Amino acid sequence: MSTIYKLKTNASRAGDEEEEDAHAPVVTTRKHSEGFVPVKQKVLILSSRGVTYRQRHLLTDLINMMPHTKKDSKFESKDRLYELNELADLYNCNNIYFFESRRREDLYLHIARAPNGPTVKFHIENLHTMDELNMTGNALKGSRPILSFDKTFDSAPHLKIVKELLQQTLGIPKGARRSKPFIDRVCTLTVADNKIWFRNYEIRQNEDPDKDPVVLFEIGPRFVMTIINILEGSFGGPVIFKNDTFVSATMVRAALRKQTAQRYVNRQENKLEHAVRAKQNEYPEDPLEKVFT
């Protein structure tokens, strides 16, 4: 509502000043010599209902790492995700981080560029928060990071899209709200085993002159992301990439349950076969056994 109020007041002020500046000379002001004005990146972070405490702590860690974010309450529906574009418009955000929790075990991350897309869906595994790791690294809150991407991101078109989205969302713009004009940490994103590994390190000066002048200490959080699919639009549109090698956690758990049940069935079959063999190997009754008793 505050954004709408500002737009209304600015429009009314502009209407009043049109008559006064009708005969004034036209002056063009540009922030850069070439006339390019950068778009300020703002990220809306929210989650669905049913998130666990560890998943909720991950949201808190990301909000502390990214001062250009805005947090909203939990989103009710998982079917009408396109409504998140309207929510981002109200908060004046052009990027969306939506954490979707299923069965209180699986965590999925939707990174979307509002309102036109694209949207990348990830499955998050091996999640560890800052409080859980208790690492020795410590960075200034609100500081800008150095984003280090693996060269594998430039090898495939879908990885280039993921790199661009992560670069626009994780990279803190210069002069952002609540940001500090310092760079004292590094965020590394590495592609290995068709997964994206995220790590956050502190840049610290080494006191030993005989060693490297810069040392990295891990801060946290750390997690692994698996790409599921990429949509052309924002939470909708045709699928432009689909990971055929991805196996959902539900199918993995079902296979484990089936394997456990198969072991029980095998044990019962072995018992039945043992009973049948025992009957087949019984000695016949000797007719002369009781002659001399």
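Straight-line cross-link partners of LYS180 among the aspartates and glutamates, defined as a Cα under 19 Å from its Cα and at least 8 positions apart when in the same chain: ASP61, GLU202. Rolling a 1.4 Å probe over the heavy atoms of the protein chains gives the chain an accessible area of 67 Å² per residue.
Simple rule: put +1 on each Lys or Arg Cβ and -1 on each Asp or Glu Cβ in the stretch 71-191, find the dipole, and look at VAL186, LEU81, PRO115; the Cα lying farthest toward the positive end is VAL186. Rounded to the nearest whole Hz, the Karplus-based 3J(HN,Hα) values (6.51 cos²θ - 1.76 cosθ + 1.60, θ = phi - 60°) of the stretch 165-170 follow the sequence 5, 5, 5, 6, 8, 6, with x at glycine and proline. Database remark: amide H of LYS70 closer than 5 angstrom to the amide H of VAL43, LEU44, ILE45 (H placed geometrically; neighbours at sequence offset of 5 or more, or on other chains; Pro and chain starts carry no H).
I'd like the carbon and sulfur percentage of the solvent accessible area for the stretch 151-191, probe radius 1.4 Å, heavy atoms only, ligands and nucleic acids excluded.
Here carbon and sulfur together make up 58 percent of the probe-accessible area.
The Cβ shell under 15 Å around ILE183 holds other residues with a net charge of +4, Lys and Arg each +1, Asp and Glu each -1.
Ordering GLY142, GLY175, PRO157 by the projection of their Cα atoms onto the charge dipole of the stretch 125-175, which places +1 on the Cβ of Lys and Arg and -1 on the Cβ of Asp and Glu, puts GLY175 at the extreme positive end. Treating each Cα of the chain as one equal point scatterer and applying the Debye formula with no solvent, the log10 of I(q)/I(0) at q = 0.13, 0.16 Å⁻¹ comes out as -1.03, -1.37. The chymotrypsin sites (Phe, Trp or Tyr not before Pro) of the stretch 220-293 that DSSP puts in a loop, and whose beta carbon has at most 16 other beta carbons within 10 Å, are PHE246, PHE292.
Between ASN281 and THR250, the FRET efficiency from the beta-carbon distance, with R0 = 41 Å, is close to 0.30. Estimated purely from DSSP H runs of n ≥ 4, each contributing -39500 (n - 2.57), the mean residue ellipticity at 222 nm for the chain is -10000 deg cm²/dmol once divided by its residues. Size of the stretch 167-293: Rg and Dmax of its alpha carbons, in Å, are 32.9, 111. Along the stretch 149-159 the Karplus relation, 6.51 cos²θ - 1.76 cosθ + 1.60 evaluated at θ = phi - 60°, assigns HN-Hα couplings of 9, 5, 5, 5, 5, 8, 8, 9, x, 5, 6 Hz to successive residues, with x for each Gly and Pro. When every Cα-Cα distance of the stretch 166-215 is counted in 10 angstrom steps from zero, the calculated P(r) takes the values 19, 37, 30, 13 percent. Computed from backbone phi with θ = phi - 60° and the Karplus coefficients 6.51, -1.76 and 1.60, the 3J(HN,Hα) list for the stretch 128-136 is 9, 8, 5, 5, 6, 6, 6, 7, 7 Hz; x is used for glycine and proline.
Mean sequence separation of contacting Cα pairs (under 8 Å, at least six apart), scaled by the length of the chain, corresponds to a relative contact order of 17 percent. Our analysis of the stretch 74-142 gives Rg over Rh at 1.05, with the two radii drawn from alpha carbon positions and Rh computed by the Kirkwood formula. Please give me the summed charge of the neighbours of ARG144: other residues whose Cβ is under 11 Å from its Cβ, Lys and Arg +1, Asp and Glu -1. Combined, the nearby Lys, Arg, Asp and Glu give +2. Within the straight-line cut-off of under 16 Å between alpha carbons, the lysines reachable from LYS174 are LYS31, LYS40, LYS42, LYS141, sequence neighbours fewer than 8 places apart in one chain being disregarded. Assuming charge only on the beta carbon of Lys and Arg (+1) and of Asp and Glu (-1), the dipole of the chain about its Cα centre is about 440 debye to the nearest 20.
The values are calculated or read from the model by the stated rules, or taken from the named source; none is laboratory data. Since this is a predicted model, take the numbers as computed values, not measurements. FYI the Cβ positions are ideal-geometry reconstructions off the backbone, even for glycines, and counts take in every protein chain you see. Ligands, DNA and RNA are excluded from the accessible area calculation, which covers all protein heavy atoms including side chains. Shrake-Rupley method; radii C 1.70, N 1.55, O 1.52, S 1.80 Å.
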